[in-house]
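The values are calculated or read from the model by the stated rules, or taken from the named source; none is laboratory data. Everything numeric in this text was worked out from a predicted model, so none of it was measured. No Cβ is skipped: glycine too gets one built from the backbone with ideal geometry, and neighbour counts run over all protein chains shown. SASA here: full protein model, heavy atoms, side chains in, ligands and nucleic acids out. Shrake-Rupley method; radii C 1.70, N 1.55, O 1.52, S 1.80 Å.
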Amino acid sequence: DNFTTAGLRYSRMTLTSPLDRNPIRNTSFSNFSSFPADPISTTVPDGVGILIDSDASHIIVGEDRTTPVSVSGCPVGIYLDQSSHNQIKAIDIFGSFGPINAAGIVLTGSSENQIGLPGALANFVEGVTGPIGSGHGIALFESNENTIAGNTISFSTGAGIYLENSELNLIGGSTFKEGNECLANGTHGIHFNGPATLANRAHSNFIGITR
């Protein structure tokens with residue numbers, strides 16, 4: 001097992017019926033320890049608030065602002081690995097930090113996920129702190145055809161939204177309501193990196209110091 005600690009983990013689950021999906025509600029995850037990174041994959045450290053991995057799909061994390069879910073003080077707030085067709089919405093992530101690749105939300109090898117929705121279903125990611133090359137609010141590695149919409153990402157030491165060797169992702173949408181707000185992040189608002197980062201779209205986002 002490549003992951004030592006997680007506040008909540010979904011693994012090898014495919015949920016097809018809405019009655020099976022059981023959204024997480026009214027829950028806080030805080031201050032999980034950071035252990036040395038797994039020697040096989042150093043994308044993220046151990047110590048994850050919510051982990052969805054090993055082909056888990058159709059998981060709903062969060063419901064709406066009346067039933068809040070928050071993650072604070074974990075090296076990685078939410079991590080999706082090799083997982084598809086999941087929804088991450090109405091989550092507050094504060095103060096992610098770690099010695100390796102800290103981030104608010106990370107996807108590796110994951111496709112067709114919905115990260116945030118406009119309005120009351122938006123995610124808020126604030127204060128992610130990591131060493132040079134990390135500390136991103138939302139980071140995708142080799143992850144394709146995902147939608148990142150309606151999120152507010154602020155005060156990260158890295159980029160607000162970071163894509164590496166990822167294709168066909170939509171960042172934002174057709175209106176500013178669907179767009180992401182990237183505010184006062186340390187390096188870039190949105191950063192596309194790597195030769196295999198192709199055919200991604202960034203529409204209707206706001207990038208600046210303050211709104």
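Note on exposure: 10, 79 ranked by accessible area (1.4 Å probe, complete protein assembly) read 10, 79, with the most exposed listed first. Ordering 138-151, 112-125, 155-168, 184-197 by mean Cβ neighbour count within 10 Å, with the highest value first, yields 138-151, 155-168, 112-125, 184-197. In this structure, the amide hydrogen of residue 206, modeled 1.01 Å from its nitrogen in the peptide plane, lies closer than 5 angstrom to those of 180, 181, 182, counting only residues at least 5 positions away or on a different chain.
For the stretch 134-211, the Cβ-based charge dipole about the Cα centre amounts to some 280 debye (Lys, Arg positive; Asp, Glu negative; other atoms uncharged). In the stretch 113-178, Cα pairs under 8 Å separated by at least six residues give a relative contact order of 38 percent. Computed over protein heavy atoms with a 1.4 Å probe, the carbon and sulfur contribution to the accessible area of the stretch 87-177 reaches 59%. Placing +1 on the Cβ of every Lys and Arg and -1 on the Cβ of every Asp and Glu, with nothing else charged, gives the stretch 55-159 a dipole about its Cα centre of roughly 260 debye.
Over the stretch 69-128, one equal point on each Cα, no solvent: what is log10 I(q)/I(0) by the Debye formula at q = 0.19, 0.24 Å⁻¹? So the normalised log intensities are -0.67, -0.98. Residue 154 sits with roughly 10 Å² accessible to a 1.4 Å probe, with DNA, RNA and ligands left out of the calculation. From a point 7 Å beyond the Cα of residue 184 in the direction of its Cβ, which residues of the stretch 58-94 have a backbone N at a distance under 17 Å? In the stretch 58-94, the label zone of residue 184 (backbone N under 17 Å from the point 7 Å along Cα→Cβ) covers 93-94.
In terms of Cα atoms, the Rg and Dmax of the stretch 92-211 work out to 12.7, 37 Å. Computed over the stretch 102-153, the Cα gyration tensor eigenvalues convert (square root of 5λ each) into semi-axes of 19, 16, 6 Å, ordered from largest to smallest.
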